[in-house]
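Peer 1: Submitted below is the structure of interest, expressed as structure tokens.
The values are calculated or read from the model by the stated rules, or taken from the named source; none is laboratory data. All values derive from a computational prediction rather than experimental measurement. Virtual Cβ from ideal backbone geometry, glycine too; neighbours counted across all protein chains shown. Surface areas here come from the heavy atoms of the whole protein model, side chains and all, with no ligands, DNA or RNA. Shrake-Rupley method; radii C 1.70, N 1.55, O 1.52, S 1.80 Å.
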Amino acid sequence: MRPTDPRELLHPVLTPETYQRLGIAPPRPPQLYGTGGPVSSAGTPYLTGRAVTGTPAPSGQASPAPSGSATAGPGTAGPPYVPGSPPYVPGAPAGPPPAKDRSLAIVLGATVLIIAIILGTTWYILSNRGGADDEQQIRNVIAAETKTLNDRDLAALIGVRCAADVAMLQTQFTSQTFAAEIDTLLGPDGRWEVVVGEVRVDGDAGKAEAEVTSTPVGSSTVVSRSLTDTTTLRKESGGWKVCISSSRVR
């Protein structure tokens, strides 16, 4: 390092022409420090109005921006500060998420429960009514069969008998021979009076039994007493049919 001229210390800032007239070499360019200002070749800081502290900035690294610049320091979360703009105020932290509205789920669940109760009740009522409906259908079929016998109507009788009975009737009788057979038993003006007692229905097996008492009515009837039998009925083609071939006479 060259010796410092005393005049250089008195006049830290001189133009190149002044250095030539004084006969001294101009100082080297000032060194830049990371946090301070420029200094002279003798190490004396120039009058910049700031304190000179810190170490020289590494080569290729820009000197730090002066206080009040728009460059944000490390760890700054907000946007760069622009002079004249209002100060940056960070937003309030987000609170907990709002609680989910469960009222809709509760209403839907209650609706499903009510529907299930209604369906279950309806099924129970219909299943219990099924036995009662079957019993009434059986009583109606026995009454219809009695009418066909009293009318001597073979075709109508075939309509209320089971398949096994139909085959037997069609083999043994014609319309004329059937009517003659009834007249032989009851007389030309004879008829049957039928009372249906207990009815037992086995819906799963499609089978039923009815206690039937038949009483002949007429002046020339051959049958002199009432007959009580357990009439068997079978469910065929969705309807109940009298099945005399499976019945038991008592």
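Peer 1: Can you pull out the residues in the stretch 213-250 that are in contact with a helix residue (DSSP H, G or I) (Cβ under 9 Å, 6 or more places away or on another chain), within 20 Å of VAL166 (Cβ to Cβ), open to solvent by 60 Å² or more (accessible area, probe 1.4 Å) and not polar (S, T, N, Q)?
Peer 2: Hits for the stretch 213-250 are ARG234, LYS235, ILE244.
Peer 1: Test ALA210 against the stated conditions and say whether it is small (Gly, Ala, Ser), open to solvent by less than 80 Å² (accessible area, probe 1.4 Å) and touching a residue at least 12 places away in the same chain (Cβ under 8 Å).
Peer 2: When the stated conditions are applied, ALA210 passes them.
Peer 1: Go through (1) β-branched (Val, Ile, Thr); (2) more than 16 Å from GLU145 (Cβ to Cβ); (3) out of contact with any Phe, Trp or Tyr (no Cβ under 9 Å at 6 or more places or on another chain) and name the single condition ILE244 misses.
Peer 2: (2)
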